[in-house]
Amino acid sequence: MINKFHNIKNSLNPLMFDLISGVVTALFFSAFIYFEHLDITLKLLNTIFALLSLALFLYISKRAILVAGFFIGILWFYWIGYSFEYNGVGYLTPFITLIFAIIYMLFFGVLALTNKVYIRAALLFGLSFFEPMDWNWLQIELIFVDSYIGVLKYQLAVVLVAISLPNYLKMPYKHVPLLLIILAFSFNPQVQKDAPLKIKLISTDITQDIKWKRETLAPTVEMVFKEINSAIDNKYDLVVFPESVFPIYMNKSPIIMDELSKLSKNITIIAGSLLLENTQNYNVTYMFENGNYQVAKKLVLVPFGEYIPLPKFAQKIINDTFFAGASDFKTATKPTDFIIKGVKFRNAICYEATCKELYEGELDFVIATSNNAWFAPSVEPTLQKLLMRYYARKNGVTIYHSANYLGTGIIK
């Protein structure tokens, strides 16, 4: 493969070759997301593309690495700026996309500090631990999530060693180290259980431009109670609604809370909303059961969405300039577990369902709720699902996910 690579290189203009090889690397590295988005799961193809992308990162030119990182930033995160439209600063969307392209050009650009393959392999493995600006949605091992190779760190290390060694051996043993890749295969995946409850996951499709409007509240509340009563009629144990399905401060709406408490004597209800407590804003999940309720506050906030990961003075400037002076959300100090009919579920709200902090401790089941309408239409729900699948398989848990827009389902 390396010889063919050099033959193609010699036949093209150097700049054009670097551009092409960088773009191809980005496409191989991102293909699994778009296959999943099209409901295509081809483990063999995902495996081949993932291996090729890592091999190219080790062998392409320094300039091509920068090109690859730039386009990976776009292919993975072009959608991030979409949410700015709903804060009245939609004109920033292309700039946000460009910023993420540059961030990941610099992120992978660390590899361009050297031409030595073994150093690049070590650097690439090191990058798998790094989260720029607290943003963790580019997990390098994620490229293996729907392949024959496992998603653990040691499996990534084995792959990098296997594709590095051919550069330091001569024929006829040059390609023998590639056999080491077999050691990275996922032969003994962790057992993922099914919860012993009948669970109804509600999928809604309320567009973000109308979700928070006053006139949308009444039909939304009507829809929620209709779904609850339907779940009761069909003998479900638990019904789960998406993040902020109630676009209100629930603790300021006693009538709705009372009605949910009454219905919870027949079925357990999980629903997302907001909480206003001591002048602080919280993104929360309510769990109603047997006439009582419990509130789970979000633990991990979305960088630049729910908080600004910068010093206090910079947070204030950005919030005042771009978000009409809105303050950052506040967080819980530890994950919240719901005990539902004797079964423990870890609560996760959107972004935090893709964070390692949520999977600490003993757990088998996670209830995750999301509002993906912020980023419609895009591959964001697909990338979120892949990340949850990655954490589910890595930690041996099963995730019950209810989302607004796309993504509802059981994730293993």
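The values are calculated or read from the model by the stated rules, or taken from the named source; none is laboratory data. All figures in this text were calculated on a predicted structure; none of them were measured in a lab. So basically every Cβ, Gly included, is an ideal-geometry build from the backbone, and we count neighbours across all protein chains shown. In case anyone asks, the SASA skips ligands and DNA or RNA and just uses the protein heavy atoms, side chains included. Shrake-Rupley method; radii C 1.70, N 1.55, O 1.52, S 1.80 Å.
Using the Cα atoms of region 23-160 to build a convex hull, what is its mean projected area in square nanometres?
One quarter of the hull surface, i.e. the mean projection, equals 8.4 nm².
What is the Cα centroid distance between region 22-54 and region 203-253, reported in whole angstrom?
Distance between centres, Cα-based: 37 Å.
What percent does the relative contact order of the chain come to when contacts are Cα pairs within less than 8 Å and at least six residues apart?
Relative contact order comes out at 14 percent.
Can you list the residues, at least 5 places off or on another chain, whose amide H is less than 5 Å from the amide H of residue 299, using H built in the peptide plane?
Those qualifying (amide H under 5 Å, at least 5 residues apart or on another chain) are 332, 349.
Roughly how many nanometres apart are two label points built 7 Å out from the Cα toward the Cβ at residue 341 and residue 115?
That separation, rounded to one decimal, is 6.5 nm.
In 10 Å bins starting at zero, report the fraction of Cα pairs in region 81-147 per bin as a rounded %.
18, 37, 29, 13, 3
What FRET efficiency do you get for residue 15 and residue 153 if R0 is 30 Å and r is their Cβ-Cβ distance, rounded to the nearest 0.05?
0.25
Please list, ordered by chain and number, the residues whose modelled amide H lies under 5 Å from the amide H of residue 336; skip anything fewer than 5 residues away on the same chain.
Distant-sequence amide H within range of residue 336: 347.
Could you give the dipole magnitude of the chain about its Cα centre, charging the beta-carbon of Lys and Arg +1 and that of Asp and Glu -1, in debye to the nearest 20?
1220 debye
Would you check the accessible area of residue 236, probe 1.4 Å, heavy atoms only, in square angstrom rounded to 10?
60 Å²
Can you tell me which lysines have their Cα less than 20 Å from the Cα of residue 193? Leave out same-chain residues fewer than eight positions away.
Result set, ordered by chain and number: 341, 344, 356, 385, 394, 412.
Rg and Dmax in Å for the chain, alpha carbons only: what are they?
23.3, 77
Using alpha carbons only, what's the Rg to Rh ratio of region 165-307 with Rh from Kirkwood?
Radius of gyration over Kirkwood radius for region 165-307 works out to 1.27.
State in Å² the accessible area per residue of region 147-306; use a 1.4 Å probe, count heavy atoms of protein chains only, and round to the nearest integer.
Here the per-residue accessible area is 52 Å².
In terms of solvent-accessible area of protein heavy atoms at a 1.4 angstrom probe, what is the ranking of 401, 37, highest value first?
37, 401
In vacuum, with every alpha carbon of region 342-412 counted as one equal point scatterer, what does the Debye formula give for log10 I(q)/I(0) at q = 0.17, 0.18, 0.23, 0.27 Å⁻¹? Two decimals, please.
-0.53, -0.59, -0.94, -1.26
Can you return the lysines within cross-link range of residue 213? Criterion is Cα-Cα under 16 Å, with same-chain partners fewer than 8 residues away left out.
Reachable lysines: none.
Name the residue farthest towards the positive end of the dipole of the chain from the options 94, 26, 270, assuming +1 on Cβ of Lys and Arg, -1 on Cβ of Asp and Glu, about the Cα centre.
The one lying farthest along the dipole's positive direction is 26.
Averaging the inverse of every distinct alpha carbon separation and then flipping it gives the Kirkwood radius. What is it for region 139-182, in angstrom units?
11.1 Å
Before anything else, pin down the relative contact order of region 4-109: Cα pairs under 8 Å, at least 6 apart, normalised by residue count, whole percent.
Over region 4-109, the number comes to 29 percent.
With axes computed from alpha carbons, what is the tilt in degrees of helix 153-164 against the longest principal axis of the chain, rounded to the nearest 10 within 0 to 90?
Taking the Cα atoms of the chain, the angle to 153-164 is about 20 degrees.
Around residue 114, under 13 Å between beta carbons, what's the net of Lys plus Arg minus Asp minus Glu among the other residues?
+3
Report the antiparallel proportion of the DSSP beta bridges in the chain as a percent, rounded to a multiple of 5.
Around 55 percent of the beta bridges assigned by DSSP in the chain are antiparallel ones.
What FRET efficiency would be calculated for the residue pair residue 98, residue 280, taking the C-beta separation as r and a Förster radius of 25 Å, to the nearest 0.05?
With R0 = 25 Å, the Cβ-Cβ based efficiency is 0.15.
Helix 117-127 versus the longest principal axis of the chain: what angle, 0 to 90°, nearest 10, using Cα atoms?
That works out to roughly 10 degrees.
Summarise the accessible area of the chain (1.4 Å probe, protein heavy atoms) by the percent that is carbon and sulfur.
Ligands and nucleic acids excluded, carbon and sulfur give 62 percent.
Calculate how large, on average over all directions, the projected area of the Cα convex hull of region 101-205 is; give the answer in nm² to one decimal.
Reported value for the Cα convex hull: 10.7 nm².
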